[in-house]
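One structure is given here, and the rest of the page talks about it.
The values are calculated or read from the model by the stated rules, or taken from the named source; none is laboratory data. As the structure is a prediction and not an experimental result, all values here were calculated from the model. We place every Cβ from the backbone using ideal geometry, glycine too, and count neighbours over all the protein chains shown. Just so you know, the surface numbers come from the protein's heavy atoms only, side chains and all, with ligands and any DNA or RNA stripped out. Shrake-Rupley method; radii C 1.70, N 1.55, O 1.52, S 1.80 Å.
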Amino acid sequence: MSTQKLDRPALEAMLSGLRPKLHRYCAHMAGSVIDGEDIVQETLLKALQAVDGSVAVERPEQWLFRIAHNAAQDHLRRRQRERSRITEADMTTIEDPSGNADARLAAATSLRSFMQLSVAQRGAVILVDVLGLSLHETCDVTGATLAATKAALHRGRAQLRLLAAEPEQVAAPRLDADDERRLRRYVDLFNARDFDAVRALIAEDIQLEVVNRIRMRGKAQVSTYFGNYDRVNDWALSLGFVDGRPAILIRDPRAPDGPGEPDGVVRGFMLVEWRDERVVQIRDFRYAPWCLVDAEISTMEG
């Protein structure tokens, strides 16, 4: 049994390598890479509070995923999403072929499809088939018994196979005309490098988060953020959607274009919130590339 002495530096060192994996789990649980990042940040806060000082932790990676699992559950309850309860039958005889086919199917399944599974099924399939944990490690994370974990995995895999056989009907995301007008103005000024005009759009009480880097509050502080973009030429902005939410896509115009990406490969995105005609919050995911792995990204035409 692996036991590790954890203090803040040791935990932060572990998190630097584990964060993409944590995010993938949380994003699949929440059905959104954006909500997934919120859950990861809540997880990190709870973990840092737990090791305030120094503690000995058994199986530190599973311990951290257990915190993430509970944070995801809390997140789902807060949003009043379905929280199903699996009836524990005697499933101990179900074999776990570890399913290469099931693993490939799970890895290719959209976050939206995962949301059609129960919470228990979702957690089991993600941990075993997407992240590669063993059944016993999965029990450590979720707190479920081996029988319940096997049941959830068996039923979740079966449900995903049914979903994969059906054509996915997805309504195209839409944006309110006023929101589109404001976002287009913001993007056009940014691309023109007219950062004085961009600064004129932000509110005095604006909040900024550059995910995985820094948080700022207030116009005086946040105004310095735009200078970082003014100093480099590896970006171009365009309008789009991330998991159905309006977003500003950050493209790298120097990178070879991918299919359907004539303006460069998407390397990040921004979420911008408004109050009347002023920007009150910016979340910049430029330095959180793991958020793109499972994101459903679409461009806004016209």
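When a/c reaches 1.5 or more, the comparison of a/b and b/c decides; with that in mind, is the range 210-260 rounded, prolate or oblate per its Cα gyration tensor? Oblate shape, in that a/c is at least 1.5 and b/c is the bigger or equal ratio. In terms of the mean number of neighbouring beta-carbon atoms within 10 Å, the peptides 39-49, 63-73, 7-17 order highest first as 63-73, 39-49, 7-17. Other residues within the sphere of radius under 10 Å centred on the Cβ of residue 207, judged by their own Cβ, net out at 0 (K and R +1, D and E -1). Counting only residues at least eight positions apart within a chain, or on another chain, the lysines with an alpha carbon under 19 Å from that of residue 21 are 46. For the pair residue 45 and residue 273 in one chain, pulling the backbone fully straight at 0.36 nm per residue adds 79.7 nm over the alpha carbon distance.
Taking the accessible area of the range 203-257, probe 1.4 Å, and keeping the other protein chains in place, the carbon and sulfur fraction comes to 46%. Taken per residue, the accessible surface of the range 114-177 reaches 46 Å², heavy atoms only and a 1.4 Å probe.
Taking the centroid of alpha carbons for each part, the range 7-32 and the range 134-194 are 17 Å apart.
Across the range 185-302, Cα pairs under 8 Å and at least six residues apart give a relative contact order of 26 percent. Mean sequence separation of contacting Cα pairs (under 8 Å, at least six apart), scaled by the length of the range 22-78, corresponds to a relative contact order of 38 percent. Peptide packing: for 181-188, 153-160, the average count of neighbouring Cβ atoms within 10 Å per residue gives the ranking 153-160, 181-188, highest mean first. Given a cut-off of under 8 Å on Cα pairs at least six residues apart, what relative contact order in percent is computed for the range 139-253? 18 percent.
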